[in-house]
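The values are calculated or read from the model by the stated rules, or taken from the named source; none is laboratory data. On a predicted model such as this, the values are computed, not experimentally measured, just so you know. When we count neighbours, we look across all protein chains shown, and the Cβ atoms used for this are built from the backbone with ideal geometry, even at glycine. To get the accessible areas, we keep the full protein, side chains included, count just its heavy atoms, and leave off ligands, DNA and RNA. Shrake-Rupley method; radii C 1.70, N 1.55, O 1.52, S 1.80 Å.
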Amino acid sequence: MTAHEREAASTDGGRSTEEERAAEEERAAEEERAVDQALALVGHQPRAGHRPPEGPGATRSKPPPSSPVSPPSPSSAAAASASAGPESRPDSGLTPSSPARSAQTPGAVMPSAPAPVVSPLAAPAPAADSASSRSHGASSADRPASSPHAHRTGSTAWHAARALAESLGRAAPLAAHRLPLDRALGHVLAEAVVALTDLPSFDTSAMDGWAVAGPGPWTVKEGEGLLAGRGSTEPLPDGQASRIATGARLPADATAVIRSEHAHCDEAKRLLYAGREVVQGQDIRPRGQECRSGDELLPAGTVVTPPVLGLAAAAGYDALVAVPRPRVDVFVLGDELLTAGLPHDGLIRDALGPMLAPWLRALGAEVAEPRRLGDEAGALRQALVSSDADLILTTGGTAAGPVDHVHPVLAEIGADLLVDGVAVRPGHPMLLARLAEGGPCLVGLPGNPLAAVSGLLTLAEPLLRGIAGRPAQDRYRAPVPQEVHGHPHDTRLIPVVHREDSVVPLHYNGPAMLRGIAAADGLAVVPPGEVRSGTEVEILDLPWASASPWTEGCFT
């Protein structure tokens, strides 16, 4: 390489680093603006703690009637818009007055198909993602040629939408209840687990063998020896040895434990000989080795996993103070959906109903059986106003067609529309609203299956995480081995599978497809434009990927 070429390469590398740094700073600024505006819209400040448990059945309470959820005044909204920049202006999808978003072209999920194929090159998402269409079913040919809401440029940036959703969840009042250990799995600790005693609470043997006092050889003490939970606590005289089992309490004055395989007993002389050097304190678990009484074992916010249950039990706990699981209602919209059999005569199988409930449970939620409401505006309105869930998910109906009722019904019941469209593919017609009078949050998912997954991970997952007090997944990046085509203007989410030190995009990643995500263990967050080979991209892990071979996802 010539000196000129080296200088050019160095300049390009510096420019790339500066651009990445600037992009990261801009993303952080977008998230901060979104959080500030979300808190202003819902009239809350981030919670600092939790309410104490009110009994075994304590649940999350709604804000008191005296402090209803309401949007900010026009002056405050204007001020926020002026300071926030283009991503959080009133036309960016953060205010109730935002127009409706166009829906996606739906697609049926075939009852059976070959295994997904790993693609060395992820092609751009099909144009169907941006077509004006009926959710779940009809093709774009069935739609009117134009719509007053067919195009809008005020979508919320993807990272900002996720930050807004999480802040909205964390602004909700946090309740806590006491759960017995056998019911606490998968919940989030509302209080720290503090050691109630030393662990171990007495000196114990770490091995099966012989407890000895002083130097050898040792006279073998008569009797059955010392067993876990049994045996004498009398001191062991110097020069004596006694049989001892793993976990048994060590007698006073014992100086070491010799493993059975490292000792030889002369039965005739009743003498014990060590086969190797004996070091004072060997194979003894001293009192307080793991913790001392009062030590914090686990902080609040820890997800209760099987080892957490074991540690709590060892520390003397019979119950844990935990945050209730967020309660979720799922309303499936669309008259064209079948619940059994093969698609026929313009009818397609409902892919979202069977998928969403277990996915939400893997995110730590308590989910009611999905309800199919068809295309009845009255049924949707009644379902929304009567729900006592923390979060409502609707599938489809987020467009502006004659039977797309989500926007009109939300307006009718006075909901605050916080996000109306996100700059992400697939899934850009998703929405986030807060029902009036302190009601639940609502996430409107597009009807196409992979687009719905995008909405689930963009809005529902961070919102549920905020409500439950769960910690966020640590952000990490991984390189892609080949060039990946992003969207010209929007973030793109692509199913990927981990392969050694990189991630490989999968085929079948269009908005109506599930073959790719079914084989994936994560989603790559591809920024607008083109990603070169070897470039690192942000990765979203799927909730069950790290839990394999567990069949219940995140221990729910």
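Of the peptides 221-228, 479-486, how do they stack up when ordered by the mean number of other Cβ atoms within 10 Å, highest first?
Values: 221-228: 15.1, 479-486: 18.2.
Result, highest mean Cβ count within 10 Å first: 479-486, 221-228.
How would you order 169-179, 305-315, 442-452 from highest to lowest mean count of nearby Cβ atoms within 10 Å?
Peptide ranking by packing, descending: 442-452, 169-179, 305-315.
Once you put a point 7 Å from the Cα of Thr197 and another 7 Å from the Cα of Arg477, both along the Cβ direction, what distance in nm separates them?
Here the modelled spin labels are 5.0 nm apart.
Can you give the FRET efficiency for Thr219 and Asp253, using 1/(1 + (r/R0)^6), R0 = 25 Å, r = Cβ-Cβ distance, to the nearest 0.05? Numbers along the way, then the final one.
Values: r = 14 Å, r/R0 = 0.57.
Here the calculated transfer efficiency is 0.95.
Where does the charge balance sit around Leu236 when Lys and Arg score +1, Asp and Glu -1, over other residues with C-beta under 11 Å from its C-beta?
-2
Averaged across orientations, what area in nm² does the convex hull of the alpha carbons in the stretch 426-533 project?
So the mean shadow area of the Cα hull is 7.8 nm².
Can you figure out the FRET efficiency of Leu347 with Glu376, using R₀ = 22 Å and their beta-carbon distance, to the nearest 0.05?
It comes to 0.80.
Keeping all protein chains in position, work out how much accessible area Ile244 exposes to a 1.4 Å probe, and write it in Å² to the nearest 10.
The accessible area comes out at roughly 10 Å².
Taking the Cα atoms of the stretch 210-343 alone, what are Rg (to one decimal) and Dmax (as a whole number) in Å?
Here Rg and the maximum Cα pair distance are 26.9, 90 Å.
Which order do peptides 361-369, 373-381 fall in by mean Cβ count within 10 Å, highest first?
On the way: 361-369: 19.1, 373-381: 17.1.
Going by the mean number of other Cβ atoms within 10 Å, highest first, we get 361-369, 373-381.
Rounded to the nearest 10 Å², what accessible area does Asp416 show when all protein chains are kept and the probe is 1.4 Å?
10 Å²
Distance between Cα centroids, the stretch 220-290 to the stretch 293-365: provide it in whole Å.
About 49 Å separates the Cα centre of the stretch 220-290 from the one of the stretch 293-365.
Within a Cβ distance under 10 Å of Thr395, other residues only, what is the Lys/Arg minus Asp/Glu net charge?
0
Assuming R0 = 22 Å, can you tell me the calculated FRET efficiency for the pair Ala319 and Glu366, based on Cβ-Cβ distance, to the nearest 0.05?
0.75
Explain nothing, just the number: relative contact order of the stretch 433-505, from Cα pairs under 8 Å at least 6 residues apart, as a whole percent.
Worked out over the stretch 433-505, it gives 18 percent.
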